[in-house]
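Have a look at the structure below, then the notes.
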Amino acid sequence: MWKIETPLKNINGKLFFANVNTAKLANEFGTPLFVTDSERIISNYNNLHSAFSSHYDKFKINYAVKANNNLSVLKLFNSLGSGADCSCPEEISLAKKMGFSSKDILYTGNYNSEDQLSFALKQKIIINVDSSSILPRLLRIGTPNFISLRINPGIGGGSHSGLVFGGKNTKFGMSKNDAIESYNIAKKAGVKKFGIHMMTGSSILDASYFKKATNKLIDIAVEIVEECKISLDFINIGGGFGIPYRPPEKSLDIKKVGSDIGKIFNGKKSSKILNNPWLFVEPGRYLVADSTILLTSVHSIKSGPIKYIGVDAGMNTLLRPALYDAYHHVLNASRLNSRPKKPVNICGQICENTDILAKNRKIGTVKEGDLLAILNVGAYGFSMSSHYNTRPRAAEVMINKKKYKIIRQRETINDLIKGQKVVTWFK
Ligand code: LLP
C-alpha cells in the first residue's frame, strides 16, 4: 500500500487516520466527509520553515488561503505565525476574522474591480498588482504605503497545462519593462515601500525549477532596483511546491529548494544590490494537501467491461480529477488487507460522464457499504467543491491528537436555497 504513513495506519485491515478509526468518523458524521489532521499541517509548516530559514533568516510563509479556506485551518496558520495570501476581499475578510493583522495579509488578485481595490486599500494590507493597467486605477482611488508587483518572469511550470501560470500566453503578471514603468509611477505617486512577486505554476516536484525561476526573478529585481532607484522590502517567490499524489512519485526535496534559494538570497546580488530583502513564499498545497482525506461510502457497484464503483462523493465534492485529470490515491478503508484485483473506476452520482474520481485502479475487493478514503485532498478539495446537481457540500472534521471536532456542518437543502427569492408572477 502506498503512502500508508503518518497520519494513516492499517490496524487489522481497517484504516485509522491520526489514530482515529475512519469507520467511527463516517458513522458519527456521515459521508462524504473531509477529515483533516492538524498535526500534519503543523509538521508541513515546520518542515518548510526550517528548510528555508536555516539558510536565510528573513524568511516568511504566507499561507495561500484559496487552497483551503476553512476557518479552523486559517486559525491554525495564524497561531503558527504565518501570513495570509488572499486572492479576493472575501479571503481577506476570512483572514482578518481569524486574527491575521493587516501587515500579515497580501492581496494578489487579477483583473480586479475598483470596488475590490478600494476594499484592499481601506484594509491597509499589501496589494500585489498583477498588471500595469491596474496600477493607475488603484492610484486614482488612493495611495497605499506599500505596493508589490507581480512579474511574469517568462518561465512557467506545473503538473498540468492548467496549472502553469508563468511564461508566454498566460493571464498573469507583467513584463519587466511594464514593471519598471509601474514602480516609477508608484514612486512618483508617493508609495514608500515596495515588494516584488511571482507565481509561475503549481504542483511542481522538481527542486531545480525553483532555483531557475528565482534566479530569473532576482535578475529582474536587480534591474528594477538599479533603474527605478527603489529598495525592495521583500521578494516573494510564490507557492507551487508539489506533493506526491501518484505512486511512485517522490516528495519534493524541500531542503534542496531551501538551500538553493538561500544561496541565491545570500549571494552578492541579493546582499549588495538588493540589500537583504525579506524572502516570502506563499504555498497552499505543500502545507495542507496531505493533511486531509475524503471518506466516501460505496452505494452501488455496476459490473461490465469495466466495473464502476459508485460512491457518494463526486466531481461536486472533489473537482480535481475531472478538471485536471488529477490522480488521487484511493484506499478501501474497510478492507485494507484485500489483494489488488482487476482495475475499477470509482465514480460519483453526478449526471456527467466526467464524474470519475479514479480511473483504472486496483484497490482489491470492494463491496456495497464499504468506506473508501481518497487521499491528499486538503488543498483545492473542499475549496473547489460545488452544489452542482443540487448537492449539499460535504462536512469537515479536524483531528488534533485523537481529539476531533466537526469544523464545517454538512449542508442541507436550506443552505442550497438560501438567498433565493421566488417570483410571484407565475401561478
Ligand atoms: N499564490 C498565488 C498568487 C496563487 O495563485 C496560488 C495558487 C498560490 C499562491 C498557491 O499555490 P500552491 O502552493 O498551492 O501551488 N486548483 C489547482 C491549483 C491552482 C492554484 C492556483 N493558485 C489544483 O487543484 O491543483
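Dipole magnitude for segment 108-283: about 300 debye, using +1 per Lys or Arg Cβ and -1 per Asp or Glu Cβ, origin at the Cα centre. Exposure here means at most 16 other Cβ atoms within 10 Å; with GluC sites (Glu not before Pro) in a DSSP loop as sites, the longest stretch of the chain lacking them is 6-248.
Of all beta bridges that DSSP places with both ends in the chain, some 45 percent have antiparallel geometry. A helix-only calculation puts the chain at -8500 deg cm²/dmol for mean residue ellipticity at 222 nm, using -39500 (n - 2.57) for each DSSP H run of at least four residues, averaged over all residues. The lysines whose alpha-carbon is closer than 16 Å to the alpha-carbon of LYS216, local same-chain residues fewer than 8 away aside, are LYS168, LYS176, LYS263, LYS268, LYS269.
Within 10 Å, at most 16 other Cβ atoms, and a DSSP state outside H, G, I, E, B define an exposed site. Report the longest part of the chain free of exposed chymotrypsin sites (Phe, Trp or Tyr not before Pro).
112-387
Net charge dipole, segment 1-150: roughly 120 debye, given to the nearest 20, about the Cα centre with Cβ charges of +1 for Lys and Arg and -1 for Asp and Glu. With the Cα gyration tensor of segment 26-168 giving a ≥ b ≥ c as the square roots of its eigenvalues, does the rule (a/c under 1.5 for rounded; else a/b larger than b/c for prolate; else oblate) give rounded, prolate or oblate? Because a/c hits 1.5 or more and a/b exceeds b/c, segment 26-168 counts as prolate. By the Stokes-Einstein formula, at 1.306 mPa s and 10 °C, the chain with its Kirkwood radius over alpha-carbon pairs has D equal to 69 µm²/s. Inter-part distance, segment 39-64 to segment 318-385, computed on C-alpha centroids, equals 31 Å. Comparing ILE346, ILE147, ILE11 in a Gaussian network model of the chain, where Cα atoms under 10 Å apart are tied by springs, the biggest mean-square fluctuation is seen for ILE11. For the chain, a Gaussian network of Cα nodes joined below 10 Å ranks ASN337, ASN145, ASN27 by mean-square fluctuation, and the top entry is ASN27.
Max-minus-min Cα coordinates of segment 279-354 on each principal axis give 54, 32, 19 Å, with the largest extent listed first.
In terms of its alpha-carbon gyration tensor, segment 93-142 comes out prolate; a/c meets the 1.5 threshold, and the first ratio a/b outweighs b/c. By the equivalent-ellipsoid construction on the alpha carbon gyration tensor, segment 125-190 comes out with semi-axes of 26, 12, 9 Å, ordered largest to smallest.
The dipole here belongs to the chain: it is taken about the Cα centre, uses +1 on the Cβ of Lys and Arg and -1 on the Cβ of Asp and Glu, and is about 600 debye.
Taking GLY195, GLY284, GLY369 as the candidate residues, the one with maximal mean-square fluctuation in a Gaussian network model of the chain, Cα springs under 10 Å, is GLY369.
Write down the Kirkwood hydrodynamic radius of segment 137-241, to one decimal in angstroms, obtained as one divided by the mean of 1/r over all alpha carbon pairs.
Mean inverse Cα-Cα distance, inverted, gives 14.2 Å.
Could you tell me which of rounded, prolate or oblate describes segment 1-77, using a ≥ b ≥ c as the square roots of the eigenvalues of the alpha-carbon gyration tensor, with rounded for a/c under 1.5 and, failing that, prolate when a/b is larger than b/c and oblate otherwise? Oblate, since a/c reaches 1.5 and b/c is not below a/b. Annotation for segment 52-91: trypsin sites (Lys or Arg not before Pro) lying in DSSP loop with at most 15 further Cβ atoms inside 10 Å of their Cβ are LYS58.
Positive end of the dipole of segment 108-283 (Cβ unit charges, origin at the Cα centre): among LEU139, PRO153, ILE230, the Cα lying farthest that way belongs to ILE230.
Any read-out appearing in this document is the output of simple, stated calculations on the displayed coordinates, not a laboratory observation. Given the structure is predicted, the values throughout are model-derived calculations rather than measurements. Quick reminder, even Gly has a Cβ in these numbers, built from the backbone with ideal geometry, and neighbours come from all protein chains shown.
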